[in-house]
Amino acid sequence: GKSARELTDQEVVTVLNREAKKRKESAAAFDDANRGELADRERAELEVLSKYLPAALSGDELANIIHNAVAEVAASGQSGPSAMGSVMKIVSPQVTGRADGAAVAAAVKAALAG
């Protein structure tokens with residue numbers, strides 16, 4: 001048979017996050033349908049998944065990562081809004097599964113706007 005390739009940590013986190021999100025949505029749907037026992041089961045699974053997910057980044061940690069990435073990109077001669085892609089390339093792998101993507105992008109944009 002075909003050999004399964006090893007997932008990178010980042011891919012594992014992505015899969016876990018996707019599964020956790022599914023459980024969260026299912027639990028909410030079961031709650032709405034007054035199916036408490038099913039909602040509880042989903043939440044129990046979510047709890048197990050959460051143990052394997054990296055801890056969310058604090059605002060300070062995220063700000064630090066972004067600050068360092070902006071400085072790194074600026075050192076290579078890129079700054080302002082045009083540096084967004086380069087900064088995100090550095091920031092993304094460090095925050096995957098640990099911070100909301102849209103929030104990260106907004107924070108990077110704000111940092112680059114100075």
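The values are calculated or read from the model by the stated rules, or taken from the named source; none is laboratory data. The structure displayed is predicted, hence computed values, not measured ones. As a convention, Cβ positions derive from the backbone with ideal geometry for all residues, glycine included, and neighbour counts pool all protein chains shown. We work out accessible area using only protein heavy atoms, side chains counted, and drop any ligands, DNA or RNA first. Shrake-Rupley method; radii C 1.70, N 1.55, O 1.52, S 1.80 Å.
Worth pointing out:
- Percent accessible area from carbon and sulfur atoms, the range 19-114, protein chains only, probe 1.4 Å: 54 percent
- Spacing of the two label points (7 Å from each Cα toward its C-beta) at GLU6 and ASP31, in nm: 3.9 nm
- Working note: 222 nm ellipticity from helices only, DSSP H runs with n ≥ 4, each -39,500 (n - 2.57), summed and divided by the residues of the chain, gives -24500 deg cm²/dmol to the nearest 500.
- At an R0 of 35 angstrom, the distance between the Cβ atoms of TYR52 and ALA106 translates into a FRET efficiency of 0.80.
- For semi-axes √(5λ) of the Cα gyration tensor in Å, the value computed from the atomic coordinates appears in the list (i) 23, 17, 13; (ii) 35, 18, 11; (iii) 21, 20, 14 under label (ii).
- The range 1-61: proportion of alpha-carbon pairs further apart than 18 angstrom, %: 50 percent
- Angle between the chain longest axis and helix 9-32 axis [Cα atoms, degrees, rounded to 10]: 50 degrees
- Per-peptide average of other Cβ atoms within 10 Å, ordering 35-42, 64-71 highest first: 64-71, 35-42
- Exposure ranking of LYS21, LYS89 by accessible area [1.4 Å probe, largest first]: LYS89, LYS21
- Pairs of lysines in the chain whose Cα atoms sit within less than 21 Å of one another amount to 4, provided the residues are eight or more positions apart or on different chains.
- Å² per residue, accessible surface of the chain at 1.4 Å: 67 Å²
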